[in-house]
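Worksheet for the structure shown next.
The values are calculated or read from the model by the stated rules, or taken from the named source; none is laboratory data. Since the structure is predicted, the reported quantities are computational estimates derived from the model, not experimental observations. Cβ sites come from the backbone with ideal geometry, for glycine too, and all protein chains shown count toward neighbours. To get the accessible areas, we keep the full protein, side chains included, count just its heavy atoms, and leave off ligands, DNA and RNA. Shrake-Rupley method; radii C 1.70, N 1.55, O 1.52, S 1.80 Å.
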Amino acid sequence: MTDHVVRSTCRICGSVRLDPFLDLGSTPLANALVHPDRSATPEARFPLATARCLDCGQVQLTVVVAPEILFRDYRYASSASAPLLPHFDEYASELVVRFTPPGSLVVEIGSNDGVLLRPLSERGAVAIGVEPATDLAASANARGLRTVNEFFSADVARRLRSEHGPAKAVVANNVLAHIDDLGEVIRGLDALLDDDGVFAAEVPYLGDLLDHVEYDTIYHEHLSYFALAPLSRLFDSAGMRLFDVHRVPIHGGSLRIFAGRKGRYRSTVELERTRRDEERSGLGDAGTYRIFAERVAESRTALRDVIARAKTHGKHVAALGATAKGNTLLNYCGIGTDSIDYIGDTTSLKQGLLSPGMHIPIVPEGRLDQDHPDLILLLAWNYADAIVPRYRDYLKAGGRFIHPIPLARLIGP
Ligand code: JHZ
């Protein structure tokens, strides 16, 4: 198996007119946590550079790391982030009320540890996950959340249909960006969805990435950075139509999109409004990406300065959230063990390992409460609203968070 391939064409429209706009260097894989016994072994590194298609506008990576390397041994467990539980509960409720009455088949692509399968099942859906990560699929199955341990494909879709009948909904959250061959997903949807079936997906939104300088969400797993216009083109070219969208705050700002077979559903007012907002927002202008690249460099300088100042004053700095995006940030900014003592994280599968590249130890989040470091770098900044209030006592005692983007700032009372 080759470990990666380089594409020369857009993964939405096939154009060769790909315009590079940001190069974050050669970095290790963001979720390839390192066992301490292997800390002396050089890690695989891959170029991390973005390009925009000058024909359809899709923002993307051209270096495609083999999915078997990225996703079979995967330690990101959705249920470890408490704010995701109410988020997916609300999402399940929307699906069941609008599209999937009790007894309907709902298939989730990339179901992780079953964080959405559970509230769907509780509401009476026949919920089946398709998840390539071996441990996560086993953990979901052990909790009675039916999960097929495979990568989604048209073949898997045909098999599920022959075993369970057509699906009223196929769902894909934070996984479309992981898939190089989006045509294969569409063929799978065609094979599996009932005539009035709906495809629902959440994807981090390019508009938010650019506005808030969320450059750290760029890593090898994320092959696509979606906006509505290229997404519409993808569905249109395959006999489907986007008919609804919500902007949701999760993961720094995402789109929840809904698509069906052509002619089945009328476009909502929200879709038309979001389309118009997008047209006005400058996502199609080359200048937007040039300015973004400049803001990324400024963001790095600001964060390095805050941390350098803290270290000059002898402060102890730790981090919260052994996030994938945190590893882009730490590697790009060159922030390592000379600055950060450890990273606290709730995910048991991550604890005891080292962060990729920078080799910062990952420990249970509770350690932050015991140690009271002077500063905590918030690598899970997307959950700041949930995390900061929990640290009221820490802040009262003089501790501060560093919120790294768009420009590093301190959070305190
Ligand atoms: P979190 C994930 O990226 C994974 P990551 C994935 N690659 C993807 O596509 C994007 O999301 C969209 C911990 N934590 O969600 C748990 C605490 O310790 O920001 C997680 O390890 N305490 C599929 O990895 C991490 O932080 C807490 O209170 O960048 C959060 O990871 C909370 C709330 C979380 O995404």
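Please count how many residues of the stretch 359-376 are more than 25 Å from Pro86 (Cα to Cα) and part of a strand (DSSP E or B).
Total satisfying the criteria: 5.
Among the residues of the stretch 350-373, are any of a type in the set (Asp, Glu) and more than 16 Å from the ligand (Cβ to nearest atom)?
Within the stretch 350-373, not a single residue is of a type in the set (Asp, Glu) and more than 16 Å from the ligand (Cβ to nearest atom).
Please specify each residue of the stretch 53-73 satisfying the condition of being part of a strand (DSSP E or B) and under 17 Å from Leu176 (Cα atoms).
We begin by selecting, within the stretch 53-73, every residue part of a strand (DSSP E or B); these are 53, 59-61, 63-65.
Result: Val59, Gln60, Leu61, Val63, Val64, Val65.
Would you pick out the residues in the stretch 82-104 that are outside any helix (DSSP H, G or I) and either surrounded by fewer than 23 Cβ atoms within 10 Å (Cβ to Cβ) or at pLDDT below 95 (or both)? So that I can check it myself, show each step before the final result.
Filtering the stretch 82-104 down to residues outside any helix (DSSP H, G or I) leaves 82-83, 99-104.
Passing the criteria: Ala82, Pro83, Phe99, Pro101, Pro102, Gly103, Ser104.
Restricting the stretch 15-32 to residues that are outside any strand (DSSP E or B) and either touching a Cys at 6+ places or on another chain (Cβ under 9 Å) or of a type in the set (A, V, I, L, M) (or both), which is surrounded by the most Cβ atoms within 10 Å (Cβ to Cβ)?
For the stretch 15-32, the residue satisfying everything is Ala30.
Wholly within the stretch 115-187, which helices (runs of 4 or more DSSP H) include no fewer than the required count, namely at least 3 residues that are crowded, with 17+ Cβ neighbours inside 10 Å and aliphatic (A, V, I, L, M)?
134-142, 154-164
Leu48 fails exactly one of the following numbered conditions: (1) touching a strand residue (DSSP E or B) at 6+ places or on another chain (Cβ under 9 Å); (2) buried (at least 19 other Cβ atoms within 10 Å of the Cβ); (3) free of Cβ contacts under 8 Å to residues at least 60 places away in the same chain; (4) not in a loop (DSSP other than H, G, I, E, B). What is the number of that condition?
So the condition that Leu48 fails would be (3).
Of Ile128, Ile109, which residue is β-branched (Val, Ile, Thr) and either within 16 Å of the ligand (Cβ to nearest atom) or touching a Pro at 6+ places or on another chain (Cβ under 6 Å) (or both)?
Ile109
Of all residues in the stretch 114-171, which are of a type in the set (S, T, N, Q), within 21 Å of the chain's Cα centre (by Cα) and within 22 Å of Gly260 (Cα to Cα)?
Ser153
Give the number of residues within the stretch 188-208 that are farther than 30 Å from Phe292 by Cα, open to solvent by less than 40 Å² (accessible area, probe 1.4 Å) and either modelled with pLDDT under 95 or in contact with a strand residue (DSSP E or B) (Cβ under 8 Å, 6 or more places away or on another chain) (or both). Working first, answer last.
If we filter the stretch 188-208 for residues that are farther than 30 Å from Phe292 by Cα, which is where we start, we get 188-199.
Among the residues that remain, those that are also open to solvent by less than 40 Å² (accessible area, probe 1.4 Å) are: 188-189, 191-194, 197-199.
With either modelled with pLDDT under 95 or in contact with a strand residue (DSSP E or B) (Cβ under 8 Å, 6 or more places away or on another chain) (or both) added as a condition, the list becomes 188-189, 192-194, 197-199.
Final tally of qualifying residues: 8.
Tell me yes or no: at least one residue of the stretch 331-346 is closer than 19 Å to Val213 by Cα, within 15 Å of the ligand (Cβ to nearest atom) and either hydrophobic (A, V, I, L, M, F, W, C) or buried (at least 19 other Cβ atoms within 10 Å of the Cβ) (or both).
Scanning the stretch 331-346 turns up at least one residue that is closer than 19 Å to Val213 by Cα, within 15 Å of the ligand (Cβ to nearest atom) and either hydrophobic (A, V, I, L, M, F, W, C) or buried (at least 19 other Cβ atoms within 10 Å of the Cβ) (or both).
Quick check on my filter: what residues within the stretch 213-253 are under 25 Å from Glu90 (Cα atoms), touching a strand residue (DSSP E or B) at 6+ places or on another chain (Cβ under 9 Å) and open to solvent by 30 Å² or more (accessible area, probe 1.4 Å)?
If the condition is that a residue be under 25 Å from Glu90 (Cα atoms), touching a strand residue (DSSP E or B) at 6+ places or on another chain (Cβ under 9 Å) and open to solvent by 30 Å² or more (accessible area, probe 1.4 Å), then Arg241, His246, Arg247, His251 are the ones that fit.
Show the residue pairs meeting these rules: Cβ distance below 6 Å; 6+ apart or different chains; first residue within the stretch 78-95 and within 12 Å of the ligand (Cβ to nearest atom); second residue open to solvent by 30 Å² or more (accessible area, probe 1.4 Å).
The qualifying pairs are Ala80/Thr346; Pro83/Ala386.
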